[in-house]
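The values are calculated or read from the model by the stated rules, or taken from the named source; none is laboratory data. Since the model is a prediction, treat every value here as computed from it, not as a measurement. Please note: Cβ atoms are built from the backbone with ideal geometry, for glycine as well, and neighbour counts cover all protein chains shown.
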Amino acid sequence: MILTPKFNDGRSTLERMNTDLTRVGDGLYAIDTHHLRPRLDASHLIVDGGRAVFVDTGPSAAVPRLCAALQALGLEPDAVEAILVTHVHLDHAGGVGRLAAALPRAKVIVHPRGAPHLIDTSRLVAATRAVYGAEHFERVYGEMRAVPADRIVIAEDGHRLAIGRRHFELLHTPGHALHHLSAVDPDTREVFSGDTFGVSYREFDTAAGAFIVSTTTPSQFDPPQLLGSIDRLLGLRPSAIYLTHYSRVDDVPRLGAELKADVEAMVEIARAAAPPGEALAARIFAHWSRRLDAHGFPADPDRRHALLDGDAALNAAGLEAWLSRTRR
């Protein structure tokens with residue numbers, strides 16, 4: 001059984017998961033960017049009073065899907081007032097320049113550490129190529145357009161964002177990335193967490209609820225910062241958290257405890273002496289697989305590998321980079 005929240009009109013978050021656009025809350029929509037596979041990477045659209053804000057964009061190739069979502073909701077391009085970039089990793093921000101060009105009134109809101117990489121994308125593109133390789137970069141990310149400097153709004157911790165009658169406070173939540181922002185609506189206690197609150201793929205939902213794992217990707221993973229940021233979000237007592245990977249989760253206290261334990265497990269796995277020939281990614285996968293057993297997910301190794309191998313490899317690279325920094 002898959003547990004999904006219901007809304008006043010009786011529809012569930014998974015009601016339209018076979019399409020790009022899914023209603024996940026009141027005036028809240030997830031748009032599947034189809035980055036790498038369906039239901040891995042979401043852009044969120046907040047709509048109130050005929051005005052709108054995007055939270056993250058996915059890669060550049062996703063922008064037509066985002067524009068189609070606006071059209072499906074009867075919104076003109078000039079209804080979008082802002083594009084909030086939680087952080088500048090390309091699965092979150094690769095399409096921001098292309099989307100900004102299509103939305104004439106939208107400002108791009110980003111942390112001060114991230115802003116230079118949107119105005120001049122060369123260093124960000126080079127760093128991403130270094131992590132993934134040139135062939136993967138061209139196939140998956142393609143062109144990343146710059147954002148004109150006059151379209152950028154620098155958002156420090158505590159920055160306020162209004163959309164219609166809704167108001168959001170932006171929080172600096174480092175640990176996954178030094179320039180990471182999360183957004184909270186103080187009235188509804190809904191949080192948009194980017195990658196700070198981990199990854200929860202809907203394929204892993206069981207009768208026990210959602211399954212969550214940490215993301216310790218290169219190059220700025222910092223365990224104490226990330227645990228502090230998770231605690232900060234939990235301190236808001238969220239009614240729901242919207243993840244870029246993948247959208248709405250409830251039962252936040254349980255998931256928060258499991259996520260913190262997973263971060264701590266990543267650190268222990270990275271620090272432990274490995275048997276000869278055993279890769280760090282393989283140890284991460286084995287840890288997650290044990291957790292999936294306890295979660296009641298079918299013992300299907302091929303399915304587990306298909307869904308988790310990419311995250312295990314990225315987490316391993318992030319952990320190795322963190323260990324290298326701490327040993328200097």
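State whether the residues of segment 305-315 include one that is on the phi < 0 side of the Ramachandran plot and more than 20 Å from the chain's Cα centre (by Cα).
So far as segment 305-315 goes, yes, one or more of its residues are on the phi < 0 side of the Ramachandran plot and more than 20 Å from the chain's Cα centre (by Cα).
In segment 94-131, what residues are within 18 Å of LEU70 (Cα to Cα) and outside any strand (DSSP E or B)?
Selection gives GLY95, VAL96, GLY97, ARG98, LEU99, ALA100, ALA101, ALA102, LEU103, PRO104, ARG105, ALA106.
Looking for something in a loop (DSSP other than H, G, I, E, B), touching a helix residue (DSSP H, G or I) at 6+ places or on another chain (Cβ under 7 Å) and either acidic (Asp, Glu) or at negative phi (or both) - is there at least one such residue anywhere in segment 65-76?
no
Please specify each residue of segment 156-169 satisfying the condition of being without any contact (Cβ under 8 Å) to a residue 60 or more places away in the chain and not in a strand (DSSP E or B).
Of everything in segment 156-169, those that are without any contact (Cβ under 8 Å) to a residue 60 or more places away in the chain and not in a strand (DSSP E or B) turn out to be GLU156, ASP157, GLY158, HIS159.
Restricting to segment 182-224, name every residue that is of a type in the set (A, V, I, L, M, F, W, C), farther than 22 Å from SER43 by Cβ and more than 16 Å from the chain's Cα centre (by Cα).
Within segment 182-224, ALA207, ALA208 qualify.
Yes or no, residue by residue, for (1) over 22 Å from GLY194 (Cα atoms); (2) surrounded by 14 or more Cβ atoms within 10 Å (Cβ to Cβ); (3) at pLDDT 95 or above:
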| position | (1), (2), (3) |
| --- | --- |
| ILE46 | no, yes, yes |
| ARG51 | no, yes, yes |
| GLU81 | no, yes, yes |
| HIS92 | no, yes, yes |
| PRO116 | no, yes, yes |
| SER122 | yes, no, no |
| ASP150 | yes, no, yes |
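For VAL249, which of the numbered conditions (1) hydrophobic (A, V, I, L, M, F, W, C); (2) crowded, with 23+ Cβ neighbours inside 10 Å; (3) in contact with a Gly (Cβ under 6 Å, 6 or more places away or on another chain) fails to hold?
Of the numbered conditions (1) hydrophobic (A, V, I, L, M, F, W, C); (2) crowded, with 23+ Cβ neighbours inside 10 Å; (3) in contact with a Gly (Cβ under 6 Å, 6 or more places away or on another chain), the odd one out for VAL249 is (3).
Mind checking which residues of segment 284-328 are among the polar types (S, T, N, Q), surrounded by fewer than 19 Cβ atoms within 10 Å (Cβ to Cβ) and closer than 30 Å to ALA127 by Cβ?
SER324, THR326
Condition check ((1) among the basic types (Lys, Arg); (2) crowded, with 21+ Cβ neighbours inside 10 Å) across all residues:
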| site | (1), (2) |
| --- | --- |
| ASP157 | no, no |
| ARG165 | yes, no |
| ASP187 | no, no |
| SER193 | no, yes |
